[in-house]
């Protein structure tokens, strides 16, 4: 019998579901028997995971480990909010002004760091440290590219607001220390707000209009945060003197933000004539340094066009299974009518998480490290402009607070009824399950739980410098399809249709990111792409296109998913009958958030192409 592909097996389940529940369960049982499904093999059959360090580190190893400590200590002085997120709290009271002098010092420091890292003889490094040194060298180059070439600090006012908003929010988001101790850090960081906003005035010249518009929205949200959410978050402090000090510092920060908002609206808006496109050379370098992907742009576009054709074909087939008398778009519109009321979104998402976790454990999909089920809550105000949903997990070094948050963006009270309805339709009963797979089980949340067990300090830290999105977002997107392949939803074609739409959205990101930044695609053309090819409502399509103006390489979702799928297929060919899906997933996650290229080299012991 010819072996079914993953996609064929999912379609078979969807067809069986449409024919009746009993047939769907039979199809799921059949799927569980094909070689791709989770089996009973042991992870030992698939290799021992990351190589063990030598008992006695060599001189080169010792030099590299010292370099890692020194590099990240200096980096966290530049970006202390990332240290707080990682669970390292020695920098909690710091926040640079991000003046041009601060930026230039960071550039010079990283140039020196590259020289220092290159001076460590690679021949003396252990296999594990050689991998880390290779990746870190690439990421430092990527950091320099951002600062010296792409220069968001010189053309995006939101760069500065993001430093403030993240810097303050990370201090109050979770109870990693007594509130009085954290309030002391809040006051110290908030004192820097006027200087940071002055740096924005001095550094940002001729930004693209879209950046200024997004900054206006984000600054309005930040003022609301400072006026309402932040005082509520620190209200439990016991020190009356410190609370009085906070009230004065907070009012000064609010006033600085109100003046900055007026500056954006009246001064910077008329001057906002710049372009958001980073150009083909920077785009290609960014992919190379941040993701270790060196595929030419024309080949990247061919990959996306081929995948778009395959997913569109599956989308049409699935829509026909549901109702062959309607067009695919009409079928999707019907499926999306199962949208909740705004007040039900968070509760619906919370109930989905329990079900997903149970499915993972029952079906042996991946090892889930012990941890509480995340709390579903509304996205912070400063994150809502471009984000539908996100996951926030305690950093790998966090010892005192283990609570995680699954953030979901709710409709803004100022929105029109149509905008509100579009967002609610986006969070229909099927979409929230796919989103929860991506963000929580077994997506980002499970991956970041594994990060705490990463084999080296460097691997625990560099996601807070560079996310390596082809691994992190690639894994989360891969999980959406993999979970349905393994029987989640028992072949419900409506769930499959929504998952395929999510794939189309990511494919549009892939295409729009390349074309907006290297081929002159306009914001309006990008929004139209999301409407026409991913069937998104206009407001949601506009939000996706807006995100692409600043997140140039958000092709990483699809690109990473395809890399992981190819790795899995190649690894299964190598192991044959010994292949086991759960063991594959566990081994993949055991390396930490590493470019898939490097994971391939470790697991396959070769240098074959990632795609």
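Here residue 230 fits the description: more than 30 Å from residue 514 (Cβ to Cβ), touching a helix residue (DSSP H, G or I) at 6+ places or on another chain (Cβ under 9 Å) and in the same structural domain as residue 177 (by TED's automatic domain parsing). Residue 79 fulfils the conditions (1) in contact (Cβ under 8 Å) with a residue 40 or more places away in the chain; (2) more than 24 Å from the chain's Cα centre (by Cα); (3) surrounded by 18 or more Cβ atoms within 10 Å (Cβ to Cβ) except for a single criterion, (2).
Being within 23 Å of the chain's Cα centre (by Cα) and either on the phi > 0 side of the Ramachandran plot or not in a loop (DSSP other than H, G, I, E, B) (or both) is a property that holds for residue 134. Here residue 259 fulfils each of the conditions (1) assigned to a helix (DSSP H, G or I); (2) within 30 Å of residue 465 (Cβ to Cβ) apart from (2).
For every residue, the table says whether it meets (1) assigned to a loop (DSSP other than H, G, I, E, B); (2) in contact with a helix residue (DSSP H, G or I) (Cβ under 6 Å, 6 or more places away or on another chain).
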position	(1), (2)
81	no, yes
88	yes, no
92	yes, yes
97	yes, yes
101	no, no
104	no, no
114	no, yes
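Being modelled with pLDDT of 95 or more and touching a helix residue (DSSP H, G or I) at 6+ places or on another chain (Cβ under 7 Å) is not true of residue 247. Answer with yes or no whether residue 121 is assigned by TED's automatic domain parsing to the domain that holds residue 227 and either touching a strand residue (DSSP E or B) at 6+ places or on another chain (Cβ under 9 Å) or closer than 19 Å to residue 70 by Cα (or both). Answer is yes for this residue.
When 405, 388 are screened for being surrounded by fewer than 22 Cβ atoms within 10 Å (Cβ to Cβ) and modelled with pLDDT under 90, only 388 passes.
Just to check your reading of the model, which residue among 194, 178, 207 is crowded, with 20+ Cβ neighbours inside 10 Å and more than 19 Å from residue 380 (Cα to Cα)? From the options 194, 178, 207, the qualifying one is 207.
Taken over the range 416-434, residues that are free of Cβ contacts under 8 Å to residues at least 40 places away in the same chain and either not assigned by TED's automatic domain parsing to the domain that holds residue 459 or not in a helix (DSSP H, G or I) (or both) amount to 1. Any residue that is under 28 Å from the mean Cα position of the chain (by Cα), on the phi > 0 side of the Ramachandran plot and surrounded by 14 or more Cβ atoms within 10 Å (Cβ to Cβ) - is there at least one of those in the range 272-281? Yes, the range 272-281 has at least one match. Quick check on my filter: what residues within the range 137-169 are touching a residue at least 40 places away in the same chain (Cβ under 8 Å) and on the phi > 0 side of the Ramachandran plot? Result: no residue meets the conditions.
Total residues in the range 568-581 satisfying the condition of being in contact (Cβ under 8 Å) with a residue 60 or more places away in the chain and under 17 Å from residue 477 (Cα atoms): the figure is 1.
Residues checked against (1) free of Cβ contacts under 8 Å to residues at least 60 places away in the same chain; (2) surrounded by fewer than 20 Cβ atoms within 10 Å (Cβ to Cβ); (3) over 30 Å from residue 497 (Cβ atoms); (4) not assigned by TED's automatic domain parsing to the domain that holds residue 467:
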residue	(1), (2), (3), (4)
530	yes, no, no, no
543	no, no, no, no
546	no, no, no, no
549	no, no, no, no
566	yes, yes, no, no
599	no, no, yes, yes
603	no, no, yes, yes
609	yes, yes, yes, yes
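The values are calculated or read from the model by the stated rules, or taken from the named source; none is laboratory data. The structure presented is a predicted model; accordingly, all values stated were derived computationally and were not measured. Using ideal geometry, Cβ is built from the backbone for each residue, glycine included, and neighbour counts are taken over all protein chains shown.
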